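Scroll down for the structure; my scribbles are underneath it.
The values are calculated or read from the model by the stated rules, or taken from the named source; none is laboratory data. The structure presented is a predicted model; accordingly, all values stated were derived computationally and were not measured. Here the Cβ positions follow ideal geometry from the backbone for every residue, glycine too, while neighbour counts run over all protein chains shown.
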Ligand SMILES: Nc1ncnc2c1ncn2[C@@H]1O[C@H](COP(=O)(O)OP(=O)(O)OP(=O)(O)O)[C@@H](O)[C@H]1O
Ligand SMILES: [Mg+2]
């Protein structure tokens, strides 16, 4: 089903194979981190130099990927790609938001003295890890760094859980705007030589804000903005490069969803938002699908209704209960297909990849590899 017979429709394998960047997005808990790992492992096995950036992976998945400690740089994972002449390569990292932000500050500071002033600022320490959107911003920042400056054929990036796709795609611009904010300009008025009236107004404003949040916080904030003096353009420029990278034709957004009606609705919203920002969904991965228990011997062909009729006709025999159980399972699967059909049409011609719910958590490399076989179409589904 992952392969399409229709001419001109690409397969999931082709989408990943023709991409330099794959972004796994979708709402909370749908399987973004798992899918990012599966896609990266698969690409490495196929001979590509691959890196995956994960965000808060489940402990056991992190262990399987060799990420026992938080590292903000990719660490190599061994696998079949280590064979001589294979050509593939696999690295993984767990995003460290603060370390990435620090790196960005160091990059755009005019000198090490300015960088140190920012890094030591209490206000910066508080916002660099906690400001809403910082994690999204740093994920896209890391993506940019690896995609543009790294030597990889494929960069797979996981995204933080959110209901709003814009949190990720707009994050760089938001920080740039933050630094360019009117309030910031007002604060900076004294050093920028604005007219005295603005200065007086700024001081009055500062005093009233200080009453609420405390003079110390305001002092730190002013020092923080002051420390960023001259760096706005660097951030703006970087934001616009990230903006372009996310819209390149070899950057593929893979939307991960589950077949439950509420998460399908969330995925639908994601697709709308992405489209509104000039980004198409290049593949839809529907994770945790109810298995349809398809027949291999022809005895249980047909939909839930047909199987239920068969159960009724066998009432009183040893097989009736089995047919009823199968009819129930297939009815669930049909219900899920029903939830999905609108979304699948909306993202068409993007391929739709169906991943069945697994009996256990997906946390070891072997299991990830097995999911890869399903998703990339060689498990015969
Ligand atoms: N097909 C599946 N069958 C069974 N369990 C799965 C499947 N896919 C993922 N899981 C499990 O579901 C949990 C959530 O998956 P994952 O962490 O990949 O989701 P996520 O979208 O990254 O979540 P978050 O939004 O919190 O980051 C994990 O424990 C994972 O092992
Ligand atoms: Mg995750």
(request) Just give me the residues in the stretch 202-233 being surrounded by 14 or more Cβ atoms within 10 Å (Cβ to Cβ), modelled with pLDDT of 70 or more and outside any loop (DSSP other than H, G, I, E, B), in sequence order. (result) 219, 220, 221, 222, 223, 224, 225, 226, 227, 232
(message) What's the total number of residues in the stretch 131-164 that are within 13 Å of ligand 1 (Cβ to nearest atom) and in a strand (DSSP E or B)?
(response) 3
(message) Pairs please, first residue from the stretch 56-69 and under 14 Å from residue 41 (Cα atoms), second anywhere and near ligand 1 (Cβ under 8 Å from one of its atoms) and at pLDDT 85 or above, Cβ atoms under 6 Å, 6+ apart in sequence or on different chains.
(response) 61/363; 64/363
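Let's see how each residue does on (1) within 19 Å of the chain's Cα centre (by Cα); (2) within 16 Å of ligand 1 (Cβ to nearest atom):
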{"site": "22", "(1), (2)": "yes, yes"}
{"site": "27", "(1), (2)": "yes, yes"}
{"site": "40", "(1), (2)": "yes, yes"}
{"site": "58", "(1), (2)": "yes, yes"}
{"site": "61", "(1), (2)": "yes, yes"}
{"site": "68", "(1), (2)": "no, no"}
{"site": "90", "(1), (2)": "yes, no"}
{"site": "93", "(1), (2)": "yes, yes"}
{"site": "97", "(1), (2)": "yes, yes"}
(request) For residue 101, indicate whether it is away from ligand 1 (no atom under 16 Å from the Cβ), crowded, with 21+ Cβ neighbours inside 10 Å and either more than 17 Å from the chain's Cα centre (by Cα) or in a helix (DSSP H, G or I) (or both). (result) yes
(message) If residue 76 meets every condition in (1) crowded, with 22+ Cβ neighbours inside 10 Å; (2) away from ligand 1 (no atom under 15 Å from the Cβ) apart from one, which number is that one?
(response) (1)
(request) Could you tell me whether the stretch 366-380 includes any residue that is under 30 Å from residue 18 (Cβ atoms), within 16 Å of ligand 2 (Cβ to nearest atom) and either in contact (Cβ under 8 Å) with a residue 12 or more places away in the chain or surrounded by fewer than 16 Cβ atoms within 10 Å (Cβ to Cβ) (or both)? (result) yes
(message) I'd like to verify a number: residues in the stretch 60-87 that are outside any strand (DSSP E or B), away from ligand 2 (no atom under 16 Å from the Cβ) and either touching a strand residue (DSSP E or B) at 6+ places or on another chain (Cβ under 7 Å) or under 30 Å from residue 237 (Cβ atoms) (or both), how many?
(response) 8
